[in-house]
Amino acid sequence: MSPGDERWDRVRVARSDDLLVYLALSRFGRRPRLGALPQDLQHDIKDLFGNYKAACSQGDRLLFAIADTDRVREALQTAPVGKLTRDSRYVHVSALREIVPILRVMDGCARALIGTVQEATLVKFRLDRPVLSYLEYPQFDKDPHPALRSAYTVDLAALRVDYRDYHDVVNPPILHRKELFVSTTYPHRERFARLTRQEARAGLYREPERIGTARGWKEALEARGVELRGHRVVHAEANAA
């Protein structure tokens, strides 16, 4: 297969995924008739699925699949983007198009309940149950370790939405290793990764259980005799000079 053929196959797969997600989520309203869709959409559906009925059937199966806990967990564990922890995967909102359709449908279902969360920076997917959180980390690009500002949590099983405001929390959670949350094409990814390497060399990650909050991180920096200047680690003496 030539490189051109491989690229075309990737385009077809991506387009097929987009259409399946669209058709799955269209069940929340009144799914439009084929003739009501734009001509290019009609053409793609016929080309990729044969007919509208077959495409809708696949979309329905994808929607119902979000109830399959094992399948969702496998998708989260093997996702090509996002930071995987013991119980969750965190994905930057800019990278949601890169996760597999079943996870995109979960995100779409959550947004059908909660609406658009304009301030969301990361989406947290739980591995053990159908719960998603939309987390706000202001100044994600500029702040080397942004603090959590707010969180909307959507429980798809209970159809419940919760909100927590962290504005007045004295010791809020903060982010590390920001490059893990974003795609490989994210504009600032290498700058984030460079900072992570510098912090690792400075020994700042030796006690990960201590640095997950603003206070713990400040104490770790002081203990190692370093400070941050933007996305660079510098010796505290050099910074003071």
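The values are calculated or read from the model by the stated rules, or taken from the named source; none is laboratory data. For clarity, every value in this text was computed on a predicted model and none was experimentally measured. Ideal geometry is used to build each Cβ from the backbone, glycine not excepted, and the neighbour counts take in all protein chains shown.
Does region 132-150 hold any residues that are of a type in the set (A, V, I, L, M, F, W, C) and within 14 Å of the chain's Cα centre (by Cα), and which are they? Step through it out loud before you land on a result.
Of all residues in region 132-150, those of a type in the set (A, V, I, L, M, F, W, C) come to 132, 135, 140, 147-148.
Residues satisfying the conditions are Leu132, Leu135, Phe140.
Only one residue in Ala214, Ala202, Ala236, Ala220 is surrounded by fewer than 15 Cβ atoms within 10 Å (Cβ to Cβ) and either under 29 Å from Arg86 (Cα atoms) or not assigned by TED's automatic domain parsing to the domain that holds Arg149 (or both). Which one? Steps first, please.
Values: Ala214 fails: surrounded by fewer than 15 Cβ atoms within 10 Å (Cβ to Cβ); Ala202 fails: surrounded by fewer than 15 Cβ atoms within 10 Å (Cβ to Cβ); Ala220 fails: surrounded by fewer than 15 Cβ atoms within 10 Å (Cβ to Cβ).
Ala236 is the lone residue from the list that is surrounded by fewer than 15 Cβ atoms within 10 Å (Cβ to Cβ) and either under 29 Å from Arg86 (Cα atoms) or not assigned by TED's automatic domain parsing to the domain that holds Arg149 (or both).
Quick check: anything in region 92-115 under 30 Å from Ala220 (Cα atoms), of a type outside the set (Phe, Trp, Tyr) and in contact with a helix residue (DSSP H, G or I) (Cβ under 6 Å, 6 or more places away or on another chain)?
Just the residues of region 92-115 that are under 30 Å from Ala220 (Cα atoms), to begin with: 92-93.
With the extra rule that they be of a type outside the set (Phe, Trp, Tyr), the set shrinks to 92-93.
Filter once more, so that each one left must be in contact with a helix residue (DSSP H, G or I) (Cβ under 6 Å, 6 or more places away or on another chain): none.
The answer is no; no qualifying residue exists.
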Q: Pull up region 153-170, narrow it to residues that are surrounded by 12 or more Cβ atoms within 10 Å (Cβ to Cβ) and not charged (D, E, K, R), then point me to the one that is farthest from the chain's Cα centre (by Cα).
A: Val169
(Q) Would you confirm whether or not region 207-220 contains a residue that is in a loop (DSSP other than H, G, I, E, B), out of contact with any Pro (no Cβ under 9 Å at 6 or more places or on another chain) and not β-branched (Val, Ile, Thr)? (A) yes
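Restricting attention to region 188-230, report how many residues are touching a residue at least 60 places away in the same chain (Cβ under 8 Å) and either under 20 Å from Pro172 (Cβ atoms) or acidic (Asp, Glu) (or both).
Looking only at region 188-230, we keep the residues that are touching a residue at least 60 places away in the same chain (Cβ under 8 Å), and these are 214, 217, 228, 230.
Narrowing the set further to residues that are either under 20 Å from Pro172 (Cβ atoms) or acidic (Asp, Glu) (or both) leaves 214, 217, 228.
Of the residues in region 188-230, 3 are touching a residue at least 60 places away in the same chain (Cβ under 8 Å) and either under 20 Å from Pro172 (Cβ atoms) or acidic (Asp, Glu) (or both).
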Q | Any hit, region 49-56, residues being in contact with a strand residue (DSSP E or B) (Cβ under 8 Å, 6 or more places away or on another chain), part of a loop (DSSP other than H, G, I, E, B), at pLDDT 95 or above and surrounded by 10 or more Cβ atoms within 10 Å (Cβ to Cβ) | A | no
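State whether the residues of region 145-152 include one that is assigned to a loop (DSSP other than H, G, I, E, B), among the aromatic types (Phe, Trp, Tyr) and either crowded, with 19+ Cβ neighbours inside 10 Å or touching a Lys or Arg at 6+ places or on another chain (Cβ under 9 Å) (or both).
We begin by selecting, within region 145-152, every residue assigned to a loop (DSSP other than H, G, I, E, B); these are 145-146, 148-149.
Still in the running and among the aromatic types (Phe, Trp, Tyr): none.
Looking through region 145-152, none of the residues is assigned to a loop (DSSP other than H, G, I, E, B), among the aromatic types (Phe, Trp, Tyr) and either crowded, with 19+ Cβ neighbours inside 10 Å or touching a Lys or Arg at 6+ places or on another chain (Cβ under 9 Å) (or both).
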Q) Where residues in region 95-129 are more than 21 Å from Ala158 (Cβ to Cβ), in contact (Cβ under 8 Å) with a residue 24 or more places away in the chain and assigned to a loop (DSSP other than H, G, I, E, B), which of them is farthest from the chain's Cα centre (by Cα)? A) Glu119
Q.
Any residue that is modelled with pLDDT of 95 or more, of a type outside the set (Asp, Glu), over 22 Å from Ala24 (Cα atoms) and surrounded by 20 or more Cβ atoms within 10 Å (Cβ to Cβ) - is there at least one of those in region 90-106?
A. yes
